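Participant: I'd like to ask you about the structure that follows.
Where a number appears in this text, it was derived from the coordinates with a stated rule and is not lab data. Bear in mind the structure is a predicted one, so any value in this text is a computation, not a measurement. Glycine also receives a Cβ, built like all others from the backbone with ideal geometry; neighbour counts cover every protein chain displayed.
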Amino acid sequence: MANDPALSLEDFVAAVPARTRLIGLDLGTKTIGLALSDLGLGIASPMETIRRKKFTLDAEQLLTICAKQGVGGIVLGLPLNMDGSEGPRAQATRAFVRNLSQKTDLPITYWDERLSTAAVTRTLLEADTSRAKRADVVDKMAAAYILQGFLDRLGFMGLDNG
């Protein structure tokens, strides 16, 4: 899309410094789920959930975490409709990326997140996780699901982080 600072998969991979981690984001209206990759870009682990306040505060908290964890790139779940079209949530995600890109030089890309929250919720239900516990972990688990899908795609492309 014009005026969208997010990179294509190939450009993103080329822009990520070697031996750095990726952070995955599941952007919600009230929270941002975070997941972190290992240095080998093979495994995504749920990390934490940021309670959203204002964009500037959210971005500062996110970028502080990125600096502390040695993050070299940001993968944001893009919530497409089932038919592949974009609704209000996808537009809000693109706006978040436009604003975030003005505060950081980290490369940013999108990953199709359709069904990620549903898949994670189903897994947690199957594990008989209580409603309160599910609410507590679903956002960071969804971020890990998004990031793991992206990492798996990199693996299929034969790309690594060495």
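Participant: Extension gain Asp4-Phe55, at 0.36 nm per residue separation less the Cα-Cα distance, in nm?
Facilitator: Full-extension gain reported as 16.6 nm.
Participant: By how many nm would the segment from Ala18 to Met157 grow when fully extended, if each residue of separation counts as 0.36 nm and the alpha-carbon distance is taken off?
Facilitator: Gain on stretching Ala18 to Met157: 48.4 nm.
Participant: Once a ≥ b ≥ c are taken as the square roots of the eigenvalues of the Cα gyration tensor of the range 1-72, is the result rounded (a/c under 1.5), prolate (a/b larger than b/c) or oblate (a/b not larger than b/c)?
Facilitator: Oblate.
Participant: Fewest first, what order do Ile43, Ile146 take by the number of other Cβ atoms within 10 Å?
Facilitator: Exposure proxy ranking, most exposed first: Ile43, Ile146.
Participant: So how do Ser8, Ser37 line up by other beta-carbon neighbours within 10 Å, fewest first?
Facilitator: Ascending Cβ contact count within 10 Å gives the list Ser8, Ser37.
Participant: Rounded, prolate or oblate: which fits the range 22-155 when a ≥ b ≥ c are the square roots of the eigenvalues of the alpha-carbon gyration tensor, with rounded for a/c under 1.5 and prolate only if a/b beats b/c?
Facilitator: Taking the square roots of the gyration eigenvalues as a ≥ b ≥ c, the range 22-155 is rounded.
Participant: Residues with amide H under 5 Å of Leu36's amide H, sequence separation 5 or more or different chain, H placed in the peptide plane at 1.01 Å from N; which?
Facilitator: Gly24, Ser45, Met47
Participant: Cut-off is 10 Å between beta-carbons; in what order do Thr123, Thr93 appear when sorted fewest neighbours first?
Facilitator: Thr123, Thr93
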